[in-house]
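Working notes, beginning with the structure itself.
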Amino acid sequence: MKIALCSSYVPFIRGGARNIVECLELELLKKGHDVERIYLPHIDVPDLLLDQLSAYRWIDLTTVADKVICFRPPAHVIRHPNKVLWFIHHVRVFYDLWDSPYRGFPDDEKHKNIRDILHRADTAAITEAKSVFTNSKIVADRLQHFNGVSSDVLYPPIFNSDRFHFAGLNDEIVYLCRVEHHKRQHLLVEAMKHTRTSVKLRICGTGSDKYCNELNTQIEGAKLGSKVRFDNSWVTEEEKSKILSQCLAVAYLPLDEDSYGYPSLEASHSQKPVLTTNDSGGVLELVKHEYNGLICEPTPKALAAAMDRFYVDRLATKSMGQNALARIGELNISWLHVLERLLA
């Protein structure tokens with residue numbers, strides 16, 4: 001089958017939105033399908049939003065592809081008689097983040113008009129699809145709430161999960177992902193001021209210069225250099241596997257994330273429990289408190305107590321890590337399941 005994988009990307013930013021597309025491409029190629037990956041740039045700037053949406057709408061793959069699978073918006077507006085959506089998220093500042101500090105533009109008539117046009121266009125394009133899947137229950141709920149569209153949850157696996165393994169428990173809680181304010185690495189740094197054990201924190205990844213500089217200033221100002229390590233650089237897959245295999249636990253506490261996030265799933269394949277917060281969104285679909293991780297209030301003191309708990313009770317920490325691996329099977333997170341659903 002000729003399958004076109006259609007998505008958008010933010011130039012110079014690599015993250016989960018690209019991973020889900022590229023991993024699916026590799027799995028489809030293994031099964032003998034002819035696959036074409038199609039990306040167009042997309043920047044969440046209000047004045048460009050509708051023009052970019054129009055550009056996607058003009059794409060016509062009807063005569064060249066048997067099926068199109070669309071991911072990150074606004075790729076879902078592409079027309080095709082056999083269009084399937086694996087919907088990752090909305091342009092969130094015009095949806096669930098409208099009344100949040102992350103909107104970044106005025107709540108005025110101009111932007112409300114853009115929002116209303118976008119909502120109507122999204123709903124029309126989504127309802128054209130033969131099947132609609134989402135990457136989490138939280139995104140499925142948003143689709144139902146804002147667009148009146150029902151969808152099936154299809155959790156994204158990671159590619160080549162065998163590279164992740166367990167190699168022991170050191171003293172580090174690792175936070176390994178893009179370094180951005182909404183990922184809230186600063187909360188964990190602040191938490192380290194309240195820990196009572198010798199637990200350490202290791203933050204790995206790259207992000208905005210402004211936020212990275214703020215983190216360095218925060219670490220230095222609190223004199224946490226001996227307890228907190230900030231590796232502000234790109235981490236290779238080999239390095240990631242090694243770090244996760246040896247760490248004590250993995251932290252992932254974004255604000256209202258769309259899905260459980262690859263860091264949580266990579267931790268689970270490495271048999272490490274996940275530390276998250278009760279406002280982290282889709283992460284809570286994977287993590288069950290005291291089963292495969294710890295869920296706490298998004299406060300420095302609560303996070304510090306959880307980190308100390310991982311450090312002190314190693315047997316419980318190891319047991320939660322083993323449960324984390326089992327949790328993947330409980331949720332049927334596998335490429336076999338994904339292909340069965342997307343190609344049905």
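Taken about its Cα centre, the stretch 227-344 carries a charge dipole of roughly 480 debye when the Cβ of each Lys and Arg holds +1 and the Cβ of each Asp and Glu holds -1. Please compute one quarter of the surface area of the Cα convex hull for the stretch 253-344 and express it in square nanometres. If I average the Cα hull's projected area over directions, I get 5.9 nm². Bridging of residue 242 to aspartates and glutamates at a Cα separation below 12 Å is possible for 266, once same-chain residues fewer than 8 apart are set aside.
For the stretch 161-330, the Kirkwood estimate of the hydrodynamic radius, built from every pair of different alpha carbons, is 15.5 Å. Report summary: the helix-based calculation at 222 nm, which adds -39500 (n - 2.57) for every DSSP H run with n ≥ 4 and divides by the residues of the chain, gives -11500 deg cm²/dmol. What base-10 log of the normalised intensity I(q)/I(0) is obtained for the stretch 218-305 from the Debye formula, alpha carbons as equal point scatterers, at q = 0.22 Å⁻¹? Once normalised to I(0) and log-transformed, intensities are -1.18.
When only the Cβ of Lys, Arg, Asp and Glu is charged (+1, +1, -1, -1), the dipole of the stretch 119-191 relative to its Cα centre reaches about 240 debye. Placing pseudo-labels 7 Å out from each Cα toward the beta carbon at residue 112 and residue 299 gives an inter-label distance of 3.7 nm. Relative contact order of the stretch 2-154, taken over Cα pairs closer than 8 Å and 6 or more residues apart, is 21 percent. Out of every Cα-Cα pair that the stretch 44-187 contains, those further apart than 28 angstrom amount to 32 percent.
State whether the stretch 239-286 is rounded, prolate or oblate according to the following rule on the C-alpha gyration tensor (a ≥ b ≥ c being the square roots of its eigenvalues): a/c under 1.5 gives rounded; otherwise a/b larger than b/c gives prolate, and the remaining case gives oblate. All intermediate terms of the calculation are to be shown ahead of the outcome.
Details: a/c = 2.40, a/b = 2.10, b/c = 1.15.
Here the stretch 239-286 falls in the prolate category.
Ordering 71, 139, 169 by Cα displacement along the dipole of the stretch 69-191 toward the positive end leaves 71 in first place; charges were set at the Cβ atoms of Lys, Arg (+1) and Asp, Glu (-1).
Which pairs, out of 110/137; 137/318; 200/240, put more than 20 Å between their alpha-carbon atoms? Flagged as over cut-off: 110/137; 137/318.
Here the dipole of the chain is about 600 debye; that uses its Cα centre as origin and unit charges on the Cβ of Lys and Arg (positive) and Asp and Glu (negative).
Within the same chain, lysines fewer than 8 places from residue 31 are excluded, and of the rest, those with a Cα less than 18 Å from its Cα are 2, 67.
With the simple spin-label model, which puts each label point 7 Å out from Cα in the Cβ direction, the residue 103 to residue 19 separation comes to 3.1 nm.
Taking all Cα-Cα distances within the stretch 108-161, those exceeding 13 Å account for 65%.
Please give the contour-minus-distance gain from residue 144 to residue 197: 0.36 nm per residue of separation, less the Cα-Cα distance, rounded to one decimal in nm. Provide the component values of the computation, followed by the final result.
Numbers: separation 53, 0.36 × 53 = 19.08 nm, distance 4.51 nm.
Taking residue 144 through residue 197 to full extension adds about 14.6 nm, to one decimal.
Taking 0.36 nm per residue of sequence separation and removing the Cα-Cα distance, the residue 209/residue 256 pair yields an extension gain of 14.6 nm.
May I ask for the Kirkwood hydrodynamic radius of the stretch 173-218, worked out over all distinct Cα pairs and given in angstroms to one decimal? Intermediate results must be reported in sequence, preceding the final value.
Working: mean 1/r = 0.0909 Å⁻¹.
With all distinct Cα pairs of the stretch 173-218 included, I get 11.0 Å.
Take the Cα of residue 238, step 7 Å toward its Cβ, do the same at residue 291, and the gap between the two points is 3.8 nm. How far is the Cα center of the stretch 41-98 from the Cα center of the stretch 249-272, in Å? Rounded to whole Å, the Cα centres lie 27 Å apart.
Read-outs: derived from the displayed coordinates by stated rules, not from any lab. Just so we're clear, the structure is a prediction, and the values are computed from it rather than from any experiment. Counting neighbours? That spans all protein chains shown, and the Cβs are built from the backbone with ideal geometry, glycine included.
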